[in-house]
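Please treat every number below as a calculation from the coordinates, not as lab data. Only a predicted model underlies this, so the values are computations on that prediction, with no experimental measurement involved. All Cβ positions, glycine included, derive from the backbone under ideal geometry; neighbour counts span all protein chains shown.
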């Protein structure tokens, strides 16, 4: 294994036991010797007949190779030997396992009806690890409220390139708004968690802390989830991850006219970048968003945030995004 993978312990060889949860007993030996630190790992890439790649502070190549049989064995293990119970998720190209970890799967696809496909032979997996970093939004949160005694939450959009930490930041912002922070009282927050990544949802239950006054809808789609929350849970804030299509934008508009504040994320590098996205056109044209939070990353893998108002004026310069000491 390459050096610098975060080995720890007296002999620098003990792997973090949480890594082992993804692999059946007979395939754990290499991981037990790897010294990989769970808390630093973002992704584990498995490709049939290729060396395992781990993304943490950088990409690491491990001297472990899984063939077709091993890949099938790992997948069955992740499904608790009940592959058909995960069929609906497999049609979307991923499954979510306990802890909120998302496993991307692909290989040879076969038709599953209604224009959808499902992986028949799984030859590639991307294990995206869900991490909880409480306090990461603390330096930013005060910019997301009206400067009034009541401190009402503002409509906020988090803009970020893939892999920079927008979902982690979104989760902690939800937690702070729900439980209350820095003099701002907590409020009811409704979370639309289609893929189970925000709350680390497993069988509908949140595995990660989203606050004391948070109600979560998993599965379905954004429009269905917002309709349920608005009709029956009276949220003050509705949180949504990844606006990726026009239907998502329409769902957000519905939430906005229902009197809820919006907290959402979208892939992009800047405010100007998202102006060219068709799904964002109406939202931006109507001036629905009060605050834009822009995330970035440097060559050292340090993450930063900036905050802008609805006119694009910078309210907060480039700040390091980190958990308070």
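Report summary: the helix-based calculation at 222 nm, which adds -39500 (n - 2.57) for every DSSP H run with n ≥ 4 and divides by the residues of the chain, gives -6000 deg cm²/dmol.
In the chain, the longest principal axis of the Cα atoms and the axis of helix 166-179 are about 50 degrees apart. Which residue fluctuates most in the GNM of the chain (Cα springs below 10 Å): 196, 135, 67? Among 196, 135, 67, the largest mean-square fluctuation in the Gaussian network model of the chain belongs to 67.
Provide 189, 52 in ascending order of the number of other Cβ atoms located within 10 Å of each residue's Cβ, fewest first.
52, 189
Compute the helix-to-body angle for 246-257: its Cα long axis versus the longest principal axis of the chain, expressed 0 to 90° and rounded to tens. Once rounded, the angle reads 40 degrees. With a Förster radius of 35 Å applied to the C-beta separation of residue 50 and residue 228, the computed FRET efficiency comes to 0.25. Is the shape of the stretch 214-325 best called rounded, prolate or oblate, per the rule: a/c under 1.5 gives rounded, else a/b larger than b/c gives prolate, else oblate, with a ≥ b ≥ c the square roots of the Cα gyration tensor eigenvalues? Taking the square roots of the gyration eigenvalues as a ≥ b ≥ c, the stretch 214-325 is prolate. With contacts taken as Cα pairs under 8 Å at a separation of at least 6 residues, the chain carries a relative contact order of 13 percent. The GNM of the chain, with springs linking C-alpha atoms under 10 angstrom apart, assigns the highest mean-square fluctuation among 157, 46, 169 to 46.
Legend: ranking of residues 129, 20, 170 from fewest to most surrounding C-beta atoms inside 10 Å; resulting order 20, 129, 170.
The label-point distance for residue 297 and residue 38, in a model that sets each label 7 Å from Cα toward Cβ, rounds to 2.2 nm. For the stretch 17-128, the C-alpha radius of gyration divided by 2.2 N^0.38 Å, with N the number of residues, is 1.05. If R0 is taken as 30 Å, the Cβ-Cβ distance between residue 21 and residue 281 corresponds to a FRET efficiency of 0.10.
Taking every DSSP beta bridge that has both ends in the chain, the antiparallel portion is near 65%.
For the pair residue 320 and residue 112, the difference between a 0.36 nm per residue extended length and the Cα-Cα distance amounts to 70.4 nm. Simple spin-label estimate for residue 253 and residue 182 gives 3.3 nm between the two label positions (7 Å along the Cα-to-Cβ direction from each Cα).
With N counted as the residues of the chain, its alpha-carbon radius of gyration over 2.2 N^0.38 Å works out to 1.04.
By how many degrees, between 0 and 90 and to the nearest 10, does the Cα long axis of helix 222-232 differ from the longest principal axis of the chain? Between helix and principal axis, roughly 60 degrees. In summary, the stretch 141-320 shows an alpha-carbon radius of gyration equal to 0.96 times the 2.2 N^0.38 Å reference for compact globular proteins. Where is the GNM fluctuation largest for the chain (alpha-carbon springs, 10 angstrom cutoff): 102, 116, 61? Largest GNM mean-square fluctuation: 116.
Between the C-alpha center of the stretch 136-202 and that of the stretch 300-323 there is a gap of 15 Å.
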